[in-house]
1. Taking a probe of 1.4 angstrom, what is the accessible area of Leu244 in Å², to the nearest 10?
2. Springs between alpha-carbon pairs under 10 angstrom, Gaussian network model over the chain: which of Ile188, Ile255, Ile137 fluctuates most?
3. Taking the Cα centre of the chain as origin and charging only Cβ (+1 Lys, Arg; -1 Asp, Glu), how large is the dipole, in debye to the nearest 20?
4. When we measure straight from the Cα of Lys19, which lysines land under 18 angstrom away, once same-chain ones fewer than 8 places off are left out?
5. How do Thr54, Thr39 stack up against each other in accessible area, from largest to smallest, with a 1.4 angstrom probe?
6. With a ≥ b ≥ c taken as the square roots of the eigenvalues of the C-alpha gyration tensor of segment 185-368, please select rounded if a/c is under 1.5 and otherwise prolate if a/b is larger than b/c or oblate if it is not?
7. Return the long-range amide H neighbours of Lys33 (sequence gap of 5 or more, or a different chain), with a cut-off of under 5 Å between placed amide H atoms.
8. From the protein chains alone at 1.4 Å, what is the descending order of accessible area for Trp307, Trp224, largest first?
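The values are calculated or read from the model by the stated rules, or taken from the named source; none is laboratory data. The structure presented is a predicted model; accordingly, all values stated were derived computationally and were not measured. Quick reminder, even Gly has a Cβ in these numbers, built from the backbone with ideal geometry, and neighbours come from all protein chains shown. Just so you know, the surface numbers come from the protein's heavy atoms only, side chains and all, with ligands and any DNA or RNA stripped out. Shrake-Rupley method; radii C 1.70, N 1.55, O 1.52, S 1.80 Å.
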Amino acid sequence: MIMQSYNFFMPTKVIHGEKVLVTQAEQLAQYGKKCLLVTGKNSARLSGALDDATKALKSQDIDYEHFDGVENNPSLENVALGGDMARRYKPDFILAIGGGSPLDAAKAVATLATNPIAPKELYSGKFAEKPLPIAAIPTTAGTGSEVTPYSILTVASAETKRSFSAPELFPKIAFLDWRYTDKLPIHITRDTGVDALSHLVEGYLSRRATGTSDMFAERGIRLWAKCIPGLKKGELEPEKRDHLLVASNLGGITISHTGTTLVHALGYSLTYYHDIPHGRANGVLLGEYLRFTANHAKERVDNVLTWLGLTDIQEFSDLINHLFGSVVALDEKQIKAYAAKAMGTSNVGFSQGDVTEKVLNEILTKSLT
Ligand code: NAP
Ligand code: FE
């Protein structure tokens with residue numbers, strides 16, 4: 001009997017290299033003549049990506065308008081504003097520039113542009129009309145959102161972040177250029193970089209991992225390992241910035257197939273209630289997650305450590321501690337509430353081992369008290 005079967009679907013065209021947005025601007029022409037740019041307040045300009053994008057659009061005679069109001073951890077209300085603008089302007093496609101927040105918001109805007117629904121209905125996962133095509137340009141090396149079908153939005157009524165997804169939400173094309181990440185301050189480089197690591201590690205340790213997703217995870221973890229000295233020191237040379245961006249991309253491809261695990265499920269509460277950046281929220285839980293998972297999949301945890309060039313889990317925890325220091329101290333009531341909230345998510349079910357509320361309680365307690 002064949003023991004393992006798998007589906008593989010990665011419909012995003014990835015173009016990687018310096019200046020590819022400018023040198024391959026003609027790639028954009030296939031998506032139409034009107035484009036809505038979706039960005040945050042500053043990062044698109046700061047990174048130099050907006051300048052390259054407008055040059056590329058002009059060179060192809062593509063008209064554009066700009067929604068530059070995406071907040072960090074975008075809310076349903078925030079993406080609704082972008083949706084309103086898209087319905088007014090009627091673009092043929094969306095060009096998203098930024099970290100995961102603008103990239104995820106763009107997926108919601110692309111859907112609301114063609115479907116006049118209330119933003120909370122995005123979670124139905126079924127849309128009468130196809131979302132607009134999306135071109136994505138990451139300016140952080142972290143989420144891999146440029147190659148995932150996920151959009152993670154803050155839902156205030158549920159006091160958490162929730163993901164919606166659809167196969168059509170994979171961006172059609174992604175331009176990866178490390179230069180756009182070069183001005184990232186070190187604290188954001190670390191936060192976002194650890195999100196990438198978290199995707200790679202959670203994906204590799206997921207119940208849904210396959211030999212195929214493992215290839216992407218292993219390559220990504222090995223590339224990430226080359227960045228450890230720079231991340232610790234607080235300086236990354238161009239080659240390492242590039243490695244981190246590719247590792248993030250490979251992490252996105254991995255979780256598009258495996259999903260994330262209990263780490264992301266718990267991390268959402270740390271972000272929602274304590275404003276801890278997404279990657280840092282995952283990172284501070286990873287050490288205890290590895291300890292728990294080693295009880296069920298020791299060989300896999302050992303592989304992660306080997307690829308990272310680390311000898312044991314303590315060395316991993318020391319690395320995270322070096323990058324973030326002490327992040328937050330939770331009390332018993334908070335721990336109970338966050339564990340209970342995470343239990344309701346599908347990510348928890350993708351983790352190996354029997355993950356009960358007690359297990360989540362223990363992971364939070366050991367990580368954050
Ligand atoms: P982010 O929230 O997009 O950005 C964090 C901060 O970094 C913002 O202040 C942003 O400025 C700034 N920034 C971005 N690029 C910069 C640059 N090149 N130079 C200087 N500053 C820059 O952070 P993120 O970690 O990339 O994304 C986090 C979001 O992605 C969360 O909502 C998370 O849940 C989601 N996520 C999605 C997936 C997925 O598969 N779709 C996976 C993991 C996480 P601006 O405000 O000006 O933009
Ligand atoms: Fe993430």
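1. Estimated to the nearest 10 Å², Leu244 gives 0 Å².
2. Ile188
3. Values: 39 positive and 41 negative charges, 81 e Å.
Here the size comes out at about 400 debye.
4. Cα-Cα hits under 18 Å: Lys55, Lys58, Lys183, Lys240.
5. Putting Thr54, Thr39 in descending order of accessible area: Thr54, Thr39.
6. Verdict is oblate for segment 185-368.
7. Asp92
8. Order by accessible area, largest first: Trp307, Trp224.
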